[in-house]
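Enquirer: My questions will all concern the structure given below.
Read the figures in this text as sums done on the coordinates, not as results from a lab. These figures come from a predicted structure and were not determined experimentally. For neighbour counting, all protein chains shown are included, and Cβ atoms are generated from backbone atoms with ideal geometry for every residue, glycine included.
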Amino acid sequence: MIDWQVIDTVLLDMDGTLLDLQYDNHFWLEHLPEVYAREKRLSAEEAREHLHSRFHTGKGTLDWYSLDYWSEQLEMDIPQLKRELKHMIKIRPFALEFLQRLHASDRDVVLVTNAHQKTLDIKMEQVDITGWFDRVVVSHDLDSPKEQQAFWHRLQDLHPFDPSRTLLIDDTESVLDSALAYGVKHLLTLLQPDSSHQKRVDTRFPGIHHFDEIMPEAIEL
């Protein structure tokens, strides 16, 4: 699926790609509505419907990914609530070996995430994988989410790469669409970003289940 001989740069998403999306989905769709219902004295169904409708607004924007934004909007300490479930944060199968092999190669390996810096900090407290990357790029620092072309232009300025020799792996198809429009040639998605859900069968981009399917050549580590 991947000809590693033509790949110089590997751009990797975090949530739903390297890390299991179950933690995020459970927090936003189950845990937070339960806490919100108690604090606002709403029924569980009222809280869930209210929050779900708000979560659909602004999807794919920097605010949508910002814990500070949601803390202000909902009048709750979202980072603290996320820490209550940090035991659920886990790396996907074969992801660590995949990172180790990439790190041992001569390729540039870059984490590109829309996650807010506070989200990144919470997750790296549990599974610190930052040492396997040449650079960690948070879209908030570039003032643009990966869904927008500005992100890729600013990434190019920060960490020059040849789009024709770059691989992006991301579970969000709108991000892959944006990368494709910029010219990134090699694109992969994940078929099961959340291990508690069924595998996706309708992806528009080539997909993998686990990283052992595309493991780069073995190098003595």
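Enquirer: Rounded if a/c is under 1.5, else prolate if a/b beats b/c, else oblate: with a ≥ b ≥ c from the C-alpha gyration tensor eigenvalues square-rooted, which is region 64-142?
Expert: oblate
Enquirer: Moving on to the next point. Could you check what % of the DSSP bridge pairs in region 1-137 are antiparallel, to the nearest 5?
Expert: 10 percent
Enquirer: Rounded, prolate or oblate: which one fits the chain, using the alpha carbon gyration tensor with axes a ≥ b ≥ c (rounded when a/c is under 1.5, else prolate when a/b beats b/c, else oblate)?
Expert: prolate
Enquirer: Let me ask another. Using the structure shown, list the pairs from Lys118/Lys199; Lys59/Lys118; Lys59/Lys82; Lys40/Lys146; Lys123/Lys146; Lys90/Lys199 with a Cα-Cα distance above 23 Å, or answer none.
Expert: Lys118/Lys199; Lys40/Lys146
Enquirer: What shape does region 71-190 take by its C-alpha gyration tensor, where a ≥ b ≥ c are the square roots of the eigenvalues and a/c under 1.5 counts as rounded, a/b above b/c as prolate, and the rest as oblate?
Expert: Oblate.
Enquirer: So what is the calculated 222 nm ellipticity per residue for the chain, using -39500 (n - 2.57) for each DSSP H run with n of 4 or more, over all residues, to the nearest 500 deg cm²/dmol?
Expert: Mean residue ellipticity, 222 nm, calculated: -10500 deg cm²/dmol.
Enquirer: Report the Cα centroid-to-centroid distance between region 196-213 and region 10-32 in angstrom, as an integer.
Expert: 15 Å
Enquirer: What helices does the chain have that are whole DSSP H segments, at least 24 Å long along their own axis by Cα, and with mean Kyte-Doolittle hydropathy of 0.5 or more?
Expert: Both cut-offs are met by no helix.
Enquirer: Size of the dipole of region 23-87 about the Cα centre, Lys and Arg at +1 and Asp and Glu at -1 on the beta carbon, nothing else charged, in debye to 20?
Expert: In total the dipole reaches around 100 debye.
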